[in-house]
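The values are calculated or read from the model by the stated rules, or taken from the named source; none is laboratory data. What you see is a predicted model; the values in this text were computed from it and never measured. Cβ sites come from the backbone with ideal geometry, for glycine too, and all protein chains shown count toward neighbours. For accessibility, only protein heavy atoms count, side chains too; no ligands or nucleic acids. Shrake-Rupley method; radii C 1.70, N 1.55, O 1.52, S 1.80 Å.
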Amino acid sequence: MNTNEHEHVIEATDLSRVYGGGFEAVRGVTFSVARGEIFALLGTNGAGKTSTVELLEGLAAPAGGQVRVLGHDPFRERAAVRPRTGVMLQEGGFPSDLTVAETARMWAGCTSGARPEAEVLELVGLARKTGVRVKQLSGGERRRLDLALALLGGPEVLFLDEPTTGLDAEGRRDTWELVRGLRAAGTTVLLTTHYLEEAEGLADRLAILHEGRIAASGTPAEVTAGRPSRMSFELPDGYFLGDLPPLADLGVCGHESDGNLVRLRTRELQRTATGVLAWAERAGVELRRLDVRSASLEEAFLGIAQEQEVMA
């Protein structure tokens, strides 16, 4: 790697942001993003995601701490950072009477080294919408236009704030493939999203924010590793939870039952599932509504939120 380049192209150190009235939206946030990495910021509404991203984009100065993007302060050294970054906001706010082509052309005129507008519109699936006015686009199509404009400058660092909101399932998948392609080409991507499946499938690493602080961070696998897996099933009439082998022997760390429906939590999923199914085979019973699944990012996210609320 060139010695003039930074391994971590985004660095936030003890970052804080305070709004009028003294509300501290970001409280001591520290993380870094490596070149060519997809990093996701997650959190419930009000957790501080957008407030943090705006500091990284240079839209505001932090109340405390330090931000570096491509080795520069994005607020005080905006001229050095802005031409090398792309930003997709939650709402673009483009003139509604302009066509898609006119909007892209206008934006290209404000972008250093802009790529051909037709190229980026093709990339996001809007090639057939060039003559359509912005106000006639669907919500999902407007998000595609927002993404196209963020890509016009061929950015080294791309900030995506809720990039797939309003898109249908096909549109989300297309966007995911596009983002993966950008990463493969060396673009560093920082995204916020409410779709945990999106973060789990795209992000190399992530951080979960809660009330302005990072509650957990790491790879998706690392964040979910400490969470139990689940197994649930419905026992036949006449059978009860106590008919199963001792739950401790099955590696079960928690359970609930509601009538015939049994839910088990385990950190040894294979051991638990094998033991339960072997018992069912010996007993000659069918376990209806059988569901076995590893811990998910959604469970980790919800668990962290609940734990933080208890601690508050």
Helix-only [θ]222 nm of the chain, DSSP H runs n ≥ 4, -39500 (n - 2.57) each, per residue, nearest 500: -9500 deg cm²/dmol
query: Quick one: which of 128-136, 213-221, 80-88 comes out on top by average Cβ neighbours within 10 Å, and what's the full order, highest first?
result: 80-88, 213-221, 128-136
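Using only Cα atoms, what Kirkwood radius does region 1-104 have, in angstroms?
Hydrodynamic radius (Kirkwood, Cα pairs) of region 1-104 is 15.3 Å.
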- line: Label model pair Glu77, Leu302: point-to-point distance (7 angstrom along the Cα→beta-carbon line) in nm is 4.5
message: Just the number please: accessible area per residue for region 118-223, 1.4 Å probe, all protein chains included, in Å².
response: 42
- line: Dividing the mean separation of Cα pairs under 8 Å (6+ apart) by the residue count of region 8-224 yields a relative contact order in percent of 28
task: Over region 229-294, calculate the relative contact order: mean separation of alpha carbon pairs under 8 Å at least 6 apart, over the residue count, as a percent.
output: 49
task: Find the eigenvalues of the gyration tensor of the Cα atoms of region 206-264, then list the square roots of 5 times those eigenvalues as equivalent ellipsoid semi-axes, largest first, in whole angstrom.
output: 34, 13, 9
message: Between (1) 24.4, 82; (2) 23.8, 74; (3) 25.7, 83, which entry matches Rg and Dmax of the Cα atoms in Å as derived from the coordinates of this structure?
response: (2)
- prompt: Given the C-alpha centroids of region 139-210 and region 13-44, what is the distance between them in whole angstrom?
  reply: 18
query: Counting only protein heavy atoms and using a 1.4 Å probe, what share of the accessible area of the chain belongs to carbon plus sulfur, as a whole percent?
result: 48
query: On the first, second and third principal axes, largest extent first, how far apart are the outermost C-alpha atoms of region 229-294 in Å?
result: 29, 23, 18
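Where both partners of a DSSP beta bridge lie in the chain, what percent of those bridges are antiparallel, to the nearest 5?
Details: 36 of 54 bridges.
Within the chain, antiparallel bridges account for around 65 percent of the total.
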- request: Report His8's accessible area, 1.4 Å probe, all protein chains in place, as a number in Å² to the nearest 10.
  value: 70
message: Charges at C-beta only: +1 for Lys and Arg, -1 for Asp and Glu. How large is the resulting dipole of the chain about its Cα centre, in Debye rounded to 20?
response: 600
- prompt: Considering the dipole of region 8-224 built from charges on the beta carbon (Lys and Arg +1, Asp and Glu -1) around the Cα centre, which of Leu149, Tyr19, Ala221 is farthest to its positive end?
  reply: Leu149
